[in-house]
Amino acid sequence: MLGPVRLVDQFNEVERGFPGDWAEARLSLTVDEDEQRHRAAALLGPVNPGRSGNRILFAVARRGEGASPELMRRMIRRLDDAGTIGDITLVAVHEAPEVELPPEASLRDAWKRALAGLPSDWSDIYAEVRLDSTDYVERGALLLSPMNPARSGPSSLRFRSAHHHGYGVSPEMAGRCFGRCDDEGITGGVEILRVLSDTDSVQTQGPVWYVRGRPV
C-alpha cells in the first residue's frame, strides 16, 4: 500500500498548474489530525496563514508582497520533516493585470512638441537629441546627417536649426530626418537647449554660442 504523498510534492504539482502570467495564488492545507494541524499552523507562522476549520490557508506571490514559491516550498518541507499528513489544494489564482505600455517615443513628434513651445519669432536654435540606446547612435547620426549633428554624450547628438536664414538645418528638414529615424525604430527625445528670436545675421552665418569655451 502506498503511503501519503509528501506535501512538498503536492505543492509542486499545484504550482505546475498555475497560468504562465500568474501573480498570486491562495492555497489550502487540510490536516484532519488536531495536533498535527496546530503544529503545522505554528510552523507556517512566518507566512501568516489563516485558519478555517481543519484547513490552513496561505498565499504565494510571484513578486512583491507575499511568500515566494521558493520560500513556501522550504516551509512545506518543514511540515514533511515534522511528519504532517494532509492535502494541499488550490483555492484561487490571480493573473497579473495587463499593463498598457507607453508608446515608443517618436523623435518627429518630440521635435514638433519642442517647436510648439517656442515664441513665434524664434530664429535660431541649439538643440540636443537624446537617443534611448547607444546602439542607435551610429545609424541615427547617419540618418540625421543633413542636420550636421555633433556627438555630445554616449547617446546624444546636438545640432543647430535656423527658422528662416542663417546657419542651421531648417525645422522642416529636421522633421524629415527625425521621421527617418522613426521609420527605423530609433527612439528618444529632443530638447531645445538655447533659442534666440528675431536675429539679424548682418552678412554672417548667424549667431555663435560658446559651450565650454568652444563655438557651436
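Please treat every number below as a calculation from the coordinates, not as lab data. Just so it is clear, the structure is predicted and the values come from calculations on it, not from any experiment. Cβ placement follows ideal geometry from the backbone for every residue including glycine, while neighbour counts extend to all protein chains displayed.
Amide H to amide H distances under 5 Å link Y167 with G206, where only residues 5 or more positions off or on other chains count and H is placed in the peptide plane. Subtracting the Cα-Cα distance of R113 and S52 from their residue separation scaled by 0.36 nm leaves 16.1 nm. Annotation: the residues V14, V137, sorted from fewest to most other C-beta atoms within 10 Å of their own C-beta, follow the order V14, V137. Label sites at R16 and D81, each approximated as a point 7 angstrom past Cα along Cα to Cβ, lie 2.5 nm apart. Can you give the angle from 0 to 90° between the axis of helix 34-43 and the longest principal axis of the chain, with both taken from C-alpha atoms, to the nearest 10? Relative to the chain, helix 34-43 is tipped by roughly 30 degrees. Once you sort the root eigenvalues of the Cα gyration tensor of the stretch 22-95 as a ≥ b ≥ c, which label holds: rounded (a/c under 1.5), prolate (a/b larger than b/c) or oblate (the other case)? Prolate.
For the chain, the longest principal axis of the Cα atoms and the long axis of helix 7-16 meet at an angle of about 40 degrees.
In order along the stretch 135-145, the Karplus-derived 3J(HN,Hα) couplings, from 6.51 cos²θ - 1.76 cosθ + 1.60 at θ = phi - 60°, round to 5, 7, 4, 4, 5, x, 4, 5, 5, 8, 4 Hz, and Gly and Pro are given as x. Applying the Kirkwood pairwise sum to the alpha-carbon positions of the stretch 107-207 produces a hydrodynamic radius of 13.6 angstrom.
So how tilted is helix 171-183 from the main axis of the chain? Cα-based, degrees 0 to 90, rounded to 10. That works out to roughly 30 degrees.
Restricting the stretch 38-71 to trypsin sites (Lys or Arg not before Pro) that sit in a DSSP loop and have at most 11 other Cβ atoms within 10 Å of their own Cβ leaves R63. 3J(HN,Hα) along the stretch 77-89: 4, 5, 5, 4, 4, 7, x, 6, 10, x, 10, 9, 10 Hz, from the Karplus curve 6.51 cos²θ - 1.76 cosθ + 1.60 with θ = phi - 60°, whole Hz, x for Gly and Pro.
Projected label points at D32 and E191, each 7 Å from Cα along the beta carbon direction, are separated by 7.0 nanometres.
As a rough footprinting exposure proxy, the listed residues Y136, Y126 were ranked by other beta carbons within 10 Å of their own, and the order from fewest upward is Y126, Y136. For the chain, the share of alpha carbon pairs falling in successive 5 Å distance bins from zero is 1, 6, 12, 13, 9, 6, 4, 3, 4, 5, 6, 7, 7, 6, 5, 3, 2, 1, 0, 0, 0 percent.
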